[in-house]
Structures are given as C-alpha cells and as structure tokens.
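Input: a single structure, listed below in structure tokens.
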Amino acid sequence: MIFRSLRKRRKHKLLLTILAVMTAGVFLFILAGALLFTFIKIPTLEDFRERKVAESTKIYDRTGKVLLWEVHGEERRTVVLFENISRNVKNATIAIEDSNFYSHHGISPLSLFRVVFLNIFQGKQVGSGGSTITQQLVKNTLLTREQTLIRKAKEIIIAIKLESAYSKDDILNLYLNEIPYGSNTYGIESAAQNFFGISASDVSLAEAAYLAALPQAPTRYSPYGNNRKDLEARKDLVLERMRTLQYISTEEYESAKKEKVAFLPQRKQGLLAPHFVMYVREMLNEKYGEDVVEQGGLEVITTLDASLQATAEEIVARRAPDMQKNFNASNIALTAIDPKTGHILVMVGSRDYFDVNNDGNFNVALARRQPGSTFKPLVYATAFKKGITPETVVFDLETNFAAAGDPYVPQNYDEKYRGPITLRQALAQSLNIPAVKTLYLAGIGDSIETARDFGITTLTNQNRYGLTLVLGGGEVSLLELTSAYGVFANQGVKINHHPIIQIKDKNGTILEEEKIQSEPVIDANITNMISSILSDNIARTPAFGARSPLYFDGMSVAAKTGTTNDYRDVWTIGYNPNIVVGTWAGNNNNSSMTKNVAGFIIAPLWREFMDTALAQVEKTSFTPPQPTGAKKPVLRGVWRGSRAYEVDKISGNLATTFTPQDQREERVTQEVHSILYWINKDNPDGPIPTNPAQDPQFSLWEAPVRAWAEQNGYKDGDSLGKPIEYDSSHSPENWPVILYPKDEEQKIFNYGDDIIFHPTITGKYFVIDIEIFVDGEYVRSEKRTPQNLEIGDYESGEHTLKLKVYDSIGNKQEREISFIIAAP
C-alpha cells in the first residue's frame, strides 16, 4: 500500500510538471504573439488583389528545351460577388474546411494548442492541418510557404486582425475567390465554369460537394486523373458533413450522393505529353507539396523524349479508330524505357487524354491490369535459376492440375496439344499448358520473388495466386512490366525507372538530380537465355508465322505477346539492349474485345513504333547464352527416357574412357514419363527420384503422358538392346605404334646436314593422318608414313620431334624424340 501511494504521488507530480511546462509554453507563445500583434499591419482588400503573382513551375523534356507544361502558367480566375455564389458552395466549403467558421474569431484554440505542443515539445514542423478558413486565406495570399513557428504565429495574428476588420461573409467571399481548384483554376467562378460550364450561382448540391472536395489536394482529387475513387470518397464525406451539420436533409443527402455529375473535358492549351506530365506533377506534389509546385517556380528536366512521344501519340491516335471498329478495343497505352538508365522515354496513357467520353485522362499505363502471357518470361527465368533449361522437355497434353475441388484444365490459344516440347518452343509459341508446368517447377513464391526483384510491386499477397499466375492471374501496370523487361535487356541488371533528371528552384539552385543506381538481380546468362528464346523466330514460327510483326530482319529484338481470359487485355512488350517498348489495348471498363490474340490486335501498333524507336538507338545484338552443362537427358531435349548410357559408334559396345568424344553416342532406355518422374523440382539435375509419387502433381501429369505414349506406340524398354560388353577397339593395345631406329633417338646431326628420320608406323586400323611438330610448333601433315621424314634446317642445339598419328576409327598415338645439331 505504501509503494502504491508513492507511485500515485510520483505520477501526480509528473502530471503537474508536464502541465506547468505546457502552460508556460502556451504563455510564451501568447506573449510572442502579443508582441507580433503590435507590429503586424492589418491587410486591406487591396493587399489580396495586388499581391505578387506566384511563379509557375515549368516541366521540360530531356533536352531542357521543349516545354511540356507550365504549371499554373495561366491562372484562370474570375472574381464574383458573395451574393452570386451558390449557397450550396458556401455550406459545402464550411462543412468540410471549417464547420465553426461563423463562431470562431479567426483561429481554433485546439489548433493553437496543437501548434505549441508539436513544435515546442515534439520538435515537429507545423503543417496546415486544422487551419481555419481565415488562416487558409492568409496563408494562400499574404505569407510564404515555409513551415516555421514564426510564420504560423504571423498567420494566426493576421487571421485574428482580419476577423476584427472584416465580416465573415467578406472573408468567406475572399477565400472562395482565391483558393486553387486544380487544372490552373483559381476561385469558385472559374472552377464552376471550367468543370461544369456554369456560373457559381447555379452550382447544384452534388456539384458543390465535388468542388469543396478539391482544394485540400487539387491534383490528387482531380477529376481528370487516376484517383477518381478518392475524389468520390471525399465528395461523399462533404455531403456527410453537411448532413451532420444539418445543412441538408437526409433526402437531399441521398439524392446528391447518387447524382451522376458530368465534368467537362480538360482544356488542351500548352500541355504536351499530358499523361506523363500529370505523372510527374503528382510525384512533385508528393515530395514538395502542391503549394510549391503551383507557385514555387521549379524547373524540372524530365526523361521524356519529345520526338518519340509525338510519334507514339500519332501512331496511337491514328490506329485507335480501326482497333475499336475491328476489335472493340476502345483504349490503348504505350510506354518506352531506356534499360541502361531507367529513363521513361515515352508514356501514352490512352488514345486521347482529352477524350472525356473514353476516359482519356485516365492513365492506363499506371493502372493494374492482368498481363496474360507477358508474365511468362519471369516464370521461365525463375525455373532457369533452379537448373531447368530452355531445352528441358515437358508434355503439352490436356492436364487437370487440381488435385481436389473444381478441375483446373487450362487450354492453349488454339485448343491443340503438341505432345513433347522444349521450354524454348513452349515460351516462343506462348503455350499455356507447358507454362503452368513451368510455374510449378519454378515455384509460385519464387516466381513472385523474381517479379519483385525485377521491380513489380503489385503482387503483394502470395496467397491470392495459384498456378494461374503464369497466365496473367495477377495484376501489374504496363509501366512496371515494361521496366521489368528492361532487366532482360540489361542482362540481369535492374535500374529503377524514373521520369525526372533534375529539379531546380526558382533561383537556379539544384534541388535534386537523378542518381542512376544499378542492381544485379539475376544471372546474366539466364537473361541471355530469355532473350534468345524471345528473339528466336524459328521457334515461334509455328504459332506466329515466319514474317510476323515480332520478326525483325537483321536485328536483335526480343518480344512477347499476352492475351487475358475473355480477351479483356492484349499486350506486346519487346526490347533490344537499348530500348524496351510496352503496349496494351483493351477497355477501361474491363469489357471484352473480339476473340483475337494480341498478335493481331496490338502487335502491329507495337511494331510500327518499334521501327521508329530502333532507328534512333545503337544497333546492338544480344549476347548468346552459354551452355548450361545439364547432365540429365530430359534437361537436354530428350523425352523418350532419362536413363542414359553411351556406346562406341564403331563397335556398338559400351563406351569407355578411351572412346573419343566424337565416337560416342548417347542412348536412353525408352521410358516415356512426365518430367516429375525424372526430376526433383528443387534439385532438377540431381538423382532421379526414388518415389516420384510423393510429389502432389505427379499423378496428375503422369497419367496423360503414359496414355499418350501408349496411343503412339512407345513401349518401355530399349528397342536396340543395351549392350553388355565394353568397347575394345579404342583401348590402348589397338592404338597406332610409332617406332624409330635406335640410332635416331637423341641423334646428333652435323650443322648443315639434312635432318632426316625414318619412323615406322603400324596399327590395327588404317592410319589416316600424321601431324609433325618440331620444338612444339606445327610443321605439316602427312597422309601416309613417309620413308624419309625430312624436317628442314634448324639452328644448332637440342631440339624435339613429335609425331601425332590418327587412325580411321579415331584412335590417336603420339611420340616425341630429341635430336641435336652440332655447332658449326
């Protein structure tokens, strides 16, 4: 009890101390405010109208010469009288921004306490959260954008003085005529005209809720951007606040919430590469804040190639009508990236940014869509990391991959089956059944990890995905997937894609510059394998034809197409070592296109742009992949069996260590099984599994393969008969024999004499070649044993003569003797 009492006393004493310190802090803050109050001039209405115009932010292309957009370079503002502003606008604005506006005296005491507490006791900079309408007016018109305690104090003092000098209606009127609503629009009248084509006096309740939702973050909540859902949620919040404050009835709330409000198309003036610019602007807003971006005079040099961007926009716009007419594809997106720098060179987010009827301002390049077969290379790369090879054989047969529950029986694009096929052929022809098997061999988790290593950020929940992942069961963005293919182009090195090279402030001081950082994420030889497959025109010809849009005569270009279930998305992504280009087509509402594959729908557009892009980059070839060194026949393209032995081609008996490599022939005992019979997927080139049935997929794969083998007459066992004897024709006793007369070994020749030897060469098999070397240097070859072997003139001293003799079945013998030439 005594200890408990002591603890209470200590706790009480601590609380009193904290309270005393906080009271002192507030007192000091009020004292400082009182001093500032004496010296701060009360602003007049002219102060608001004659203040210095903010400096616009300029966004340039990669050269710094082409101006893509001047943020707020053209402020649209029309001042309107208070009585000409809809009551809906006034109520909506007060409800969401400052519900106590008509009762406070310019500041919120709770906000004042927050400022003192955060700055003095936690050392945090003051933000704008919780500011009253009066404070926001002061901040937006008379003060700098710095976030300091002094500036906040000025804001509070000026707000109090403003409240004592002007009526609430005057202050609200100034606020509504000053605040930014986005899209270079300032003030409620311009906002009403810009977004709805009406006057501020005619704004409906639902329209007012949208307008009141914008000022907090005009770019983020823009109806022309990618965050329309966020705008809808904030609009609903405005209506909810109005109902809570009894500005509107429940019936009005429900009606306004359901009302479909149509926004006018966004204006085009002075805006190049609009999707890219808005992408850059949102990044700037997140880092520097909307105020700085809109008024801070930044100069931004981006990575955009203005010429390529214009070409892409022209191709997309020209081809779009026919694609909609012929394939019911209402939208298109295209991105291009430099894989060596990560520079985003091109970003076309729709067929027409300003086409509001087709959601043109929505940037599909950033949207999550199912990638179809364009995800397959990431899975195959994962399998290759584990020891699977491009020559590995799987069976393309109808297979149910579901051990329980509903069947999962994927189909190929043509609903045909090809039997045994290498992974090179399967990926090049984009076959689905081999791809699902490859995903199982690679592992779902490991494949997702590879995708993350390559820069894919959207596959966050591994438990959501099954074997459909390899067919595009996850969701990715065109920008990230194009960037991921850049890892293949850059031989396993990832460089994060980015849109900005440099940012300067209005004084020319560099705020930030790109820092290109490279990270090896996969072995270069594996990416060389993928590039080899995706550029192998022979391998893909059975599916695409010999002269498809994916084929480039005389150039190294790798490409992959993708089509999702129900034909909702079609993709083509391709690259060479210096550029990666990704394209997508479909419908924003996720409705289906006509039944056609990506090779017919989007690949021609991709090819047209790729031709232009390749003409502007260095002509470079892919590095050929190195052999994998796999030992098992099934990993080297052999499907009839994987128990291998070698025979000697001459004798037909089992090869020995003496059998020359070119005289060896590998044979397998015929046993046609699924690959899971021969390999452990976690150690593919290791021992053959003793009990393959332990793998849960084994029986599902094995049954169709065994049925296929029986139908096609493949019986177990070696039809040629495995020999039981070992070859002797290449054993040492059958090698050629080289003899010299005894007096010619270490023979001494006089200087200037002819150097002649008389070797005798015999053997069981006919001698076909004799190579002559003196002092290790090749001299010549003879087809027959010379009676007199003359080797020419040499300097005095000790020398060596070597003969290499080959017989007709590949046996080889060599012998070296020394001789001396006496000094003159």
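The values are calculated or read from the model by the stated rules, or taken from the named source; none is laboratory data. These numbers were taken from a predicted model, which means no experiment stands behind them. For neighbour counting, all protein chains shown are included, and Cβ atoms are generated from backbone atoms with ideal geometry for every residue, glycine included. All accessible areas refer to the heavy atoms of the entire protein, side chains included, with ligands and DNA or RNA removed. Shrake-Rupley method; radii C 1.70, N 1.55, O 1.52, S 1.80 Å.
Tabulated data
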{"read-out": "Test: residue in the range 247-263 that is open to solvent by less than 10 Å² (accessible area, probe 1.4 Å), within 23 Å of E290 (Cα to Cα) and assigned to a helix (DSSP H, G or I)", "value": "no"}
{"read-out": "Flag for T572 being among the β-branched types (V, I, T), assigned to a strand (DSSP E or B) and open to solvent by less than 10 Å² (accessible area, probe 1.4 Å)", "value": "yes"}
{"read-out": "G492, sole failed condition from (1) farther than 30 Å from E294 by Cα; (2) touching a strand residue (DSSP E or B) at 6+ places or on another chain (Cβ under 7 Å); (3) open to solvent by 30 Å² or more (accessible area, probe 1.4 Å)", "value": "(3)"}
{"read-out": "Identity of the residue in the range 544-555, touching a residue at least 40 places away in the same chain (Cβ under 8 Å) and open to solvent by 30 Å² or more (accessible area, probe 1.4 Å), that ends up nearest to S621 (Cα to Cα)", "value": "M555"}
{"read-out": "Criterion (at pLDDT below 90 and either under 26 Å from E391 (Cβ atoms) or not polar (S, T, N, Q) (or both)) met by exactly one of E666, E618, E671", "value": "E666"}
{"read-out": "Where G721 falls short, out of the listed (1) of a type in the set (G, A, S); (2) part of a loop (DSSP other than H, G, I, E, B); (3) in contact (Cβ under 8 Å) with a residue 24 or more places away in the chain", "value": "(3)"}
{"read-out": "Boolean, A208 is open to solvent by less than 40 Å² (accessible area, probe 1.4 Å), small (G, A, S), modelled with pLDDT of 90 or more and under 20 Å from D98 (Cβ atoms)", "value": "yes"}
{"read-out": "Matching residues in the range 289-322 - criterion: being open to solvent by 10 Å² or more (accessible area, probe 1.4 Å), in contact (Cβ under 8 Å) with a residue 24 or more places away in the chain, part of a helix (DSSP H, G or I) and not small (G, A, S)", "value": "E290, D291, V292, Q295, T311, E313, R319"}
{"read-out": "Residue in the range 718-726 that is more than 58 Å from the chain's Cα centre (by Cα) and either over 30 Å from A404 (Cβ atoms) or at pLDDT 90 or above (or both) present", "value": "no"}
{"read-out": "Failed criterion for I809 (all others in (1) assigned to a strand (DSSP E or B); (2) open to solvent by less than 60 Å² (accessible area, probe 1.4 Å); (3) under 30 Å from S728 (Cβ atoms) hold)", "value": "(1)"}
{"read-out": "T563 among the β-branched types (V, I, T), within 23 Å of the chain's Cα centre (by Cα) and over 17 Å from A365 (Cβ atoms)", "value": "yes"}
{"read-out": "So G419, is it open to solvent by less than 30 Å² (accessible area, probe 1.4 Å) and more than 20 Å from T382 (Cα to Cα)", "value": "yes"}
{"read-out": "Flag for T690 being of a type in the set (V, I, T), farther than 22 Å from P390 by Cβ and open to solvent by 50 Å² or more (accessible area, probe 1.4 Å)", "value": "yes"}
{"read-out": "Options A644, A703; residue that is without any contact (Cβ under 8 Å) to a residue 24 or more places away in the chain, of a type in the set (A, V, I, L, M, F, W, C) and surrounded by fewer than 18 Cβ atoms within 10 Å (Cβ to Cβ)", "value": "A703"}
{"read-out": "Residue in the range 184-198 that is most open to solvent (accessible area, probe 1.4 Å), counting only those that are of a type outside the set (F, W, Y) and in contact with a helix residue (DSSP H, G or I) (Cβ under 6 Å, 6 or more places away or on another chain)", "value": "I198"}
{"read-out": "Count of the range 746-769 residues which are part of a loop (DSSP other than H, G, I, E, B) and open to solvent by 80 Å² or more (accessible area, probe 1.4 Å)", "value": "6"}
{"read-out": "Qualifying residue in the range 189-197 (condition: touching a Pro at 6+ places or on another chain (Cβ under 8 Å) and at pLDDT 85 or above)", "value": "yes"}
{"read-out": "Some residue of the range 354-375 being more than 22 Å from T564 (Cβ to Cβ), in contact with an Asp or Glu (Cβ under 8 Å, 6 or more places away or on another chain), at pLDDT 95 or above and open to solvent by less than 10 Å² (accessible area, probe 1.4 Å)", "value": "no"}
{"read-out": "Scan of the range 779-791 for residues that are closer than 19 Å to I820 by Cα, open to solvent by 30 Å² or more (accessible area, probe 1.4 Å) and either assigned to a strand (DSSP E or B) or out of contact with any Phe, Trp or Tyr (no Cβ under 9 Å at 6 or more places or on another chain) (or both), ordered by number", "value": "V779, E790"}
{"read-out": "Of all residues in the range 531-569 being part of a loop (DSSP other than H, G, I, E, B) and of a type in the set (S, T, Y), the one that is farthest from T594 (Cα to Cα)", "value": "S556"}
{"read-out": "Qualifying residue in the range 346-356 (condition: farther than 23 Å from L635 by Cβ, free of Cβ contacts under 8 Å to residues at least 40 places away in the same chain, part of a loop (DSSP other than H, G, I, E, B) and out of contact with any helix residue (DSSP H, G or I) (no Cβ under 6 Å at 6 or more places or on another chain))", "value": "yes"}
{"read-out": "Which listed residue, of E745, E771, is at pLDDT 90 or above, of a type in the set (D, E) and out of contact with any helix residue (DSSP H, G or I) (no Cβ under 6 Å at 6 or more places or on another chain)", "value": "E771"}
{"read-out": "Conditions (1) more than 24 Å from G349 (Cβ to Cβ); (2) modelled with pLDDT under 95; number of the one not met by P624", "value": "(2)"}
{"read-out": "Residue that is farthest from R607 (Cα to Cα), among those in the range 331-345 that are in a strand (DSSP E or B) and open to solvent by 10 Å² or more (accessible area, probe 1.4 Å)", "value": "H343"}
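Okay, residues lined up against (1) open to solvent by less than 20 Å² (accessible area, probe 1.4 Å); (2) at pLDDT below 85:
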| residue | (1), (2) |
| --- | --- |
| P43 | yes, yes |
| E55 | no, yes |
| K58 | no, no |
| D61 | yes, no |
| E70 | no, yes |
| V89 | yes, no |
| I96 | no, no |
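Each row is one residue, and each column tells you yes or no for (1) closer than 28 Å to N588 by Cα; (2) among the basic types (K, R).
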position: K416; (1), (2): no, yes
position: L427; (1), (2): no, no
position: R464; (1), (2): yes, yes
position: V470; (1), (2): yes, no
position: E475; (1), (2): yes, no
position: F488; (1), (2): no, no
